[in-house]
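A short write-up of the structure that comes next.
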Amino acid sequence: MMWGYGPGMTFLPLVWIVLIGLIGWAVFLLIPSGAGSRVQRDTPEETLARRFAADEIDEDAYHRAREALALRHRASAARAALRGRRLPLTVLVLAVAALVASVVWVVGGVGGWRAVSPGQPAAPGYGMPMMPGNGGLPSQTAPAAVANFDDARRASDEFGQQRGLHTGEVMQFSNGYYAELLDPGGHGGTEVLIDPASGAVFLEPGPAMMWNSAYGMMPAPVRGRPPTVTAEQAEQIADQWLAQNNTGLHATDPTAFPGYYTLHALRGDQIAGMLSVNARTGAVWYHSWHGQFIAMQDAPAHQS
């Protein structure tokens, strides 16, 4: 099953694999290799030398012919090299450019994400995670079906304990359960989804994977950069985005996670969805994969 977050994002890891494969193929073809031990017929130079040795041509004719052959060989070799290297060189340049552009796009450093409209339908159920890594796989023990908030909190706590985190707010949507994981100080750590049918727990797609600078998949140079967007500014940015997209929603209750904020999107005073704001770029990412909001359970008082 797919999560339904942004055009092309579902297949982005596959695109990266293909691009890396193309880069490797192009580099392999561009690296010079030995000519090997092929059996070759006499070259024109050898034939010319044999004729000169047999007195079939004089010395002047021999030197003129050798100069002509040398010029022809140099031109042929240049054309062959250009033809042989043009395709892999073009593929290499385009693949590297596409890979760099996609990584920059993921980090949110240029233009931010193309946010998904909250009106788009999502497939039923969260399904299994498409992209493992940094805790993206389900917990190590065999999961069980999740029937209520207690089950969801228990599964989320088990997942979080492996990372020194505990469960805070839990929300139920038509596609499954969402939970925020907090660090020992009660600050936002990351966000997870719990699939009700299988009980599998995995990192939420989108910001938790791509923007989270502590528990996500951020490149090393991006980790540790201080935020340039405050919580108040994040709420303003989210409100502006919701207004520009004619959602009829407004944002509230920003929770800070490493590298971004996640907010509730309300219709009146009722939760209708969620969205996140990048803490460095101000890019907005609407959580389109949840489905319809059903209910919410706040964090236990002793964990806040």
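Would you check if Ala256 is on the phi < 0 side of the Ramachandran plot, of a type in the set (A, V, I, L, M, F, W, C), surrounded by 19 or more Cβ atoms within 10 Å (Cβ to Cβ) and within 24 Å of the chain's Cα centre (by Cα)?
No.
Which count do you get for residues in the range 231-275 that are in a strand (DSSP E or B), aliphatic (A, V, I, L, M), under 25 Å from Asp183 (Cβ atoms) and in contact with a Phe, Trp or Tyr (Cβ under 7 Å, 6 or more places away or on another chain)?
Selection size over the range 231-275: 2.
Does Asp60 satisfy being at pLDDT 75 or above, of a type outside the set (Lys, Arg) and part of a loop (DSSP other than H, G, I, E, B)?
no
Of the numbered conditions (1) open to solvent by less than 50 Å² (accessible area, probe 1.4 Å); (2) more than 25 Å from the chain's Cα centre (by Cα); (3) at pLDDT 80 or above, Leu19 fails exactly one; give the number of that condition.
(2)
Scan the range 150-198 for residues that are surrounded by fewer than 17 Cβ atoms within 10 Å (Cβ to Cβ) and within 17 Å of Trp289 (Cβ to Cβ) and report the count.
Total meeting the criteria: 2.
Inspect all residues belonging to the range 288-296 and state whether any of them is assigned to a loop (DSSP other than H, G, I, E, B) and within 20 Å of Ala234 (Cβ to Cβ).
yes
Taking the residues in the range 288-304 that are at pLDDT below 95 and surrounded by 18 or more Cβ atoms within 10 Å (Cβ to Cβ) as candidates, determine which candidate is farthest from Met209 (Cα to Cα).
Of everything passing the filter in the range 288-304, Gln297 is farthest from Met209 (Cα to Cα).
Quick check: anything in the range 36-52 closer than 30 Å to Met210 by Cβ and either at pLDDT 65 or above or open to solvent by 80 Å² or more (accessible area, probe 1.4 Å) (or both)?
no
The values are calculated or read from the model by the stated rules, or taken from the named source; none is laboratory data. Given the structure is predicted, the values throughout are model-derived calculations rather than measurements. All Cβ positions, even for glycine, are placed from backbone atoms using ideal geometry, and neighbour counts span all protein chains on display. For accessibility, only protein heavy atoms count, side chains too; no ligands or nucleic acids. Shrake-Rupley method; radii C 1.70, N 1.55, O 1.52, S 1.80 Å.
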